[in-house]
Each structure stands twice: as C-alpha cells, then as structure tokens.
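A.B. asks: Sharing a structure below in structure tokens format, with a few things to ask.
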Amino acid sequence: MKEYDVVVVGAGPSGSTVAKTCAEKGLKTLLIEEHIDIGLPQHCSGWLSGSPFTERLIKTIPENLILQKVSSWRIWSPSGKVICEIKDFGFGGWFVDRAGFDKFLAKEAVRAGSDIRVGTKFVDLIKSEEIITGIKVQIKGKIENIYSKLVIGADGSRSIPLGVAFKSDLPKLNKKPKVYYPGLQYEFINIKDMTPGVIEIFFGSIFDQIFKMAFVSPLAADNAYIGFGKHRDYENVKQKHPILKERLKNAKVIRKMGGSYGVPLNVPLKKVSRSGLMLVGDASGLHGIINGMISSVLCADVAINALDQGDISDDFLKNYDKKLKRNLVSKVSIGYDMSTFSDEGMERLLDEQGDKITEYMLREISKFDI
Ligand SMILES: Cc1cc2nc3c(=O)[nH]c(=O)nc-3n(C[C@H](O)[C@H](O)[C@H](O)COP(=O)(O)OP(=O)(O)OC[C@H]3O[C@@H](n4cnc5c(N)ncnc54)[C@H](O)[C@@H]3O)c2cc1C
C-alpha cells in the first residue's frame, strides 16, 4: 500500500499550489480531483486580484492564458449614475483563462514531483483515535482508502457545508457559521459598450438579494461576464436596469456558470487546522484565487516543517492558523451587510463616499502578500 506524506483534495488554484510547494520540497505528495478534466466546469471569471504576489505570478503564466490587464474600475449607483472610475492605482490585477490557468497550475504541481489522480472524489476522512490518517475516495463507484501523514483540504467553498472541512468537525468551532449562496455567472456575446480592461461594479438590489451588486467583467468590446443571484435577477436586469437594459438588448448568453459563495466573504473559519489536517483557499473560508494561493504557500510552509520535525499535532499545525490570520484576514468583508441596504440608502452612500470606499477596498486587497 502506497502511503503519502501529503494528500491534497481538490485541484483548484489552492490545491495545485500547495501540492506543488510540498512536492518541490521532496514530500511524497498526491493531488486528487473529482472531475476528469481539471479546470472544468468553470465557475469564475478568472480575475486575479492585483497584488505584489499577482505581479510575480503573472510572469510565470504562459502568455496565451493571460487575457488582459485591468486598467480601472468603474462604479455605478442603483439609479445608473457613474460614481467614480479609479484608474492606475498600480494593482488592478489581470484576467486569465480560468480553466487553462487551473490546468497549468496542476501541471506545475506534477512537474514538481506530485502524483495526481483525476476522477477521484473525496468522500470521507480516515481517523485513528481522533488523528486523521488519510482519506476515503470514490473512483468509478468504488471506495478506496488513501493513507497520508497530512490531509490538506482544498475542495473549494462546498468544503465547509459538505466536504473535507465539514468532515473534520472544524466548522463547529465557529460561533457564526458561514451561510452559502449560489453564484451564477453568464457569459454574453453581442453585449454593447464594454471597455476591455475596465471592470464595472453595478450596485442595486435588482442583481442579487444578498450582495446587491454585480461584477461586469469585459472580455472584449462585445463580450463580458456578468454575475447574478438567480436567473430571475438576470431577466429583471434585462428588462428594467437603467444602463444594462440597453447593453443587453441584443446580447446572447453563450455560457452559464454556477458556483457558490460562503458569506461573510473572505473571513476564514475560526480554526483552519487540527492534528493531521489543514484547510486552504475557499475550503478555509477565504475567497478569491490569489487569497487561496497565498494561503496555500503559507500552509505548505507549516506542513513541510511539521513533517520535517515529525510533529503533525494540533499544537504545531496551529502555526498555520496564525500565519493565515496575520497575512490574509480581510479588513474589508465585501457584501456581508449589503443585504440590509435599500437602493435609496446605497445611492446616498455611494454619492457621498463611493470613490473613497472603492479606493480603500482596492488598496486593502492589493496588500495581500507573503
Ligand atoms: C460566479 C463566481 C465568479 C468568481 N469570480 C472570481 C474572480 O473573478 N476572481 C477571483 O479571485 N475569484 C472569483 N471567484 C471565487 C473563486 O472562484 C474562488 O475563490 C477560487 O476558485 C478558490 O480556489 P480554490 O482552489 O480554493 O477552490 P476551487 O477553485 O473551488 O477548487 C476546488 C477544487 O476541488 C475539487 N473538489 C471539490 N470537491 C471535491 C471532492 N469531494 N473530491 C475531489 N475534488 C473535489 C473541485 O472540483 C475543484 O477543482 C468567483 C466565484 C464565483 C462563484
């Protein structure tokens, strides 16, 4: 029976990053992915939030996966007024082909020495006297045990209600559990008036009852992603929104993507490790590609030290909790309280402080680094 030092569940950006970093240090690493094609189905627009980490990362990505640099952010009020356009603040970030990006990162993990198994679904943790010693996986309907000194949960936002994080009992330590909402995103062609490089955020309860906003991410002058709460919200926007109604008039949906968000956004679980187990990326309660990848580098660092010293105890691994909170805890929890705003209240707030809030938010996000 093959036993690993580290088994990583989920080949998203967080899982592939942690697998690559562990394998580079000579750990016997396995990365598993439930889907047979890494990166698909795609559920995100592939905006890499701007930060020094992102600027270093982008230099390593094949050019054909880089779609465009973000040059500015345009903010719209619920009534359809431009509140501000924040330009040239240095760290606007980049759009990448998200499916290709995930595949590229997984290849990098394998090139670094990690083993990989696709079509392999995590179903449960194996515990021995409360210490996690491996995972049970399902492959073509059959259950198999994989033993490992450390298990790293990188299985995305569904981890907390359903996956590795849930099976670990860690979320029970949370005072306020996360609430999960579906995230819909449509890709449109023949949409009018998009400006490549300019991300637009439209505020208003028409988009979604929880976040009350939509990200409109351009791919070309007539091609964009827009996020909605539900399909019904899209229908409303198409018929009634003061600006997007016109832009969407002849637009066609060419792709529908679905995912989920844990709210509050980007607030990690109270504990992200326990003896034999660590959580990274969305599985740890974070949100965003770059935040997930940064958490993975921090996690790998502690995992490598833990295995080097032969200590995978709760006490040792909580160094990762400390690092995560020091480096990544967001000062901006976007969206959490938006549900309490009326459109009139939002219009007033944006009118008075929209430019300052946007600039502050973008600058705070861009500080995340290792
Ligand atoms: C509509 C939408 C748009 C978004 N747009 C952006 C954006 O533009 N920029 C940004 O930074 N963030 C965006 N996000 C958030 C972003 O997608 C996540 O934060 C990011 O993907 C987290 O990466 P991850 O590796 O932690 O998890 P994921 O990317 O979710 O990867 C988890 C992996 O684990 C696998 N997996 C799950 N369960 C199992 C299992 N039981 N066994 C084996 N494998 C399993 C999954 O198949 C997946 O490959 C968006 C989210 C949504 C819903």
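What follows is calculated from the coordinates using simple rules that are stated; it is not laboratory data. These numbers come from a predicted model, not from an experiment. Cβ coordinates were reconstructed from backbone atoms using ideal geometry, including for glycine residues, and neighbour counts include every protein chain displayed.
A.B. asks: With charges set only on the Cβ (+1 for Lys and Arg, -1 for Asp and Glu), what does the dipole of the chain come to about its Cα centre, in debye to the nearest 20? Each step should come with its number before you reach the end.
C.D. replies: Values: 52 positive and 45 negative charges, 94 e Å.
That gives the chain a dipole magnitude of about 460 debye.
A.B. asks: Could you tell me the center-to-center distance, by alpha carbons, between region 3-72 and region 226-269 in angstrom?
C.D. replies: That distance is 26 Å.
A.B. asks: Enter the mean projected area of the convex hull around the alpha-carbon atoms of region 98-220, in nm², rounded to one decimal.
C.D. replies: 12.0
A.B. asks: Another question, then. If you consider only alpha-carbon coordinates, what radius of gyration and Dmax does the chain have, in Å?
C.D. replies: 20.8, 64
A.B. asks: Given LYS121/LYS238; LYS256/LYS318; LYS121/LYS178, which pairs have Cα atoms separated by over 32 Å?
C.D. replies: Working: LYS121/LYS238 38 Å; LYS256/LYS318 39 Å; LYS121/LYS178 24 Å.
Correct reply: LYS121/LYS238; LYS256/LYS318.
A.B. asks: Sticking with this one: Per the helix-only calculation at 222 nm, which mean residue ellipticity applies to the chain, given -39500 (n - 2.57) for every DSSP H run of n ≥ 4 and division by its residues, nearest 500 deg cm²/dmol?
C.D. replies: Here the helix-only value at 222 nm equals -9500 deg cm²/dmol.
A.B. asks: Same structure, new question: How much of the DSSP beta bridge set in the chain is antiparallel, as a percent to the nearest 5?
C.D. replies: If we restrict to bridges inside the chain, about 70 percent are antiparallel.
A.B. asks: What's the FRET efficiency of GLN309 with SER71 using the Cβ-Cβ distance as r and R₀ = 51 Å, to the nearest 0.05? Intermediate values should be presented prior to the final figure.
C.D. replies: On the way: r = 47 Å, r/R0 = 0.92.
In this case the efficiency is close to 0.65.
A.B. asks: Of the listed peptides 118-127, 5-14, 263-272, 287-296, what is their order by residue-averaged count of other C-beta atoms within 10 Å, with the highest listed first? Mind dumping the intermediate values first?
C.D. replies: Numbers: 118-127: 16.9, 5-14: 28.6, 263-272: 20.3, 287-296: 25.6.
Averaged packing, sorted descending, gives the order 5-14, 287-296, 263-272, 118-127.
A.B. asks: While we're on this one: Just to be sure I understand: with springs between alpha-carbon atoms less than 10 Å apart, which residue in GLU130, GLU33, GLU347 has the highest mean-square fluctuation in the Gaussian network model of the chain?
C.D. replies: Answer for the Gaussian network model of the chain: GLU130.
A.B. asks: Quick one: Karplus J couplings for region 114-129, per residue in order, coefficients 6.51, -1.76, 1.60, θ = phi - 60°, nearest Hz, x for Gly and Pro?
C.D. replies: 6, 7, 9, 9, 8, x, 10, 9, 5, 10, 6, 8, 9, 10, 10, 6
A.B. asks: Separate question: Which lysines have a Cα lying under 18 Å from the Cα of LYS20, excluding residues fewer than 8 positions away in the same chain?
C.D. replies: LYS28, LYS59, LYS103, LYS107, LYS149
A.B. asks: While we're looking at this one, here's another question. Would you mind working out the magnitude of the charge dipole of region 216-299 relative to its Cα centre, with +1 at each Lys and Arg C-beta and -1 at each Asp and Glu C-beta, to the nearest 20 Debye?
C.D. replies: With Lys and Arg at +1 and Asp and Glu at -1, about 280 debye.
A.B. asks: Next question, about the same structure. Quick one: putting +1 on the C-beta of Lys and Arg, -1 on the C-beta of Asp and Glu, what dipole do you get for region 147-275 around its Cα centre, in Debye to the nearest 20?
C.D. replies: Charge dipole, region 147-275, about its Cα centre: 620 debye, nearest 20.
A.B. asks: Most fluctuating residue of ASN250, ASN190, ASN327 in a GNM of the chain with Cα springs under 10 Å: which is it?
C.D. replies: Greatest mean-square fluctuation among the candidates belongs to ASN250.
A.B. asks: Cut-off under 15 Å on the C-alpha distance; same-chain residues fewer than 8 positions from LYS249 excluded. Which aspartates and glutamates are left, in chain and number order?
C.D. replies: Partners within reach: GLU187, ASP193, ASP222, GLU235.
A.B. asks: With a/c under 1.5 counting as rounded, go ahead and sort region 140-296 into rounded, prolate or oblate using the C-alpha gyration tensor (a ≥ b ≥ c being the square roots of the eigenvalues; past the cut-off, prolate if a/b is larger than b/c, else oblate).
C.D. replies: In terms of gyration-tensor shape, prolate.
A.B. asks: Which length gain, in nm to one decimal place, applies between TYR180 and ARG255 when the Cα-Cα distance is subtracted from 0.36 nm times their residue separation? Can you show the working numbers first?
C.D. replies: On the way: separation 75, 0.36 × 75 = 27.00 nm, distance 2.28 nm.
Difference between extended and current length: 24.7 nm.
A.B. asks: Still on this structure, please answer the following. Pairs of Cα atoms under 8 Å, at least six residues apart: use those to get the relative contact order of region 241-335, whole percent. Intermediate results must be reported in sequence, preceding the final value.
C.D. replies: Values: 90 pairs, mean separation 30.8, N = 95.
Value for region 241-335: 32 percent.
A.B. asks: Which of the aspartates and glutamates could be linked to LYS136 by a straight reach, that is with a Cα gap under 20 Å, when you skip same-chain ones fewer than 8 residues away?
C.D. replies: Those aspartates and glutamates meeting the cut-off are GLU3, ASP5, GLU33, GLU34, ASP115, ASP124, GLU144, ASP155, ASP169.
A.B. asks: Longer than 21 Å from Cα to Cα, which of LYS25/LYS140; LYS167/LYS271; LYS271/LYS322 are they? Say none if no pair is.
C.D. replies: Values: LYS25/LYS140 32 Å; LYS167/LYS271 14 Å; LYS271/LYS322 10 Å.
Among LYS25/LYS140; LYS167/LYS271; LYS271/LYS322, the Cα-Cα distance tops 21 Å for LYS25/LYS140.
A.B. asks: Give the relative contact order (percent, whole number) for region 39-133; include only Cα pairs under 8 Å separated by 6+ residues.
C.D. replies: On the way: 95 pairs, mean separation 31.1, N = 95.
Worked out over region 39-133, it gives 33 percent.
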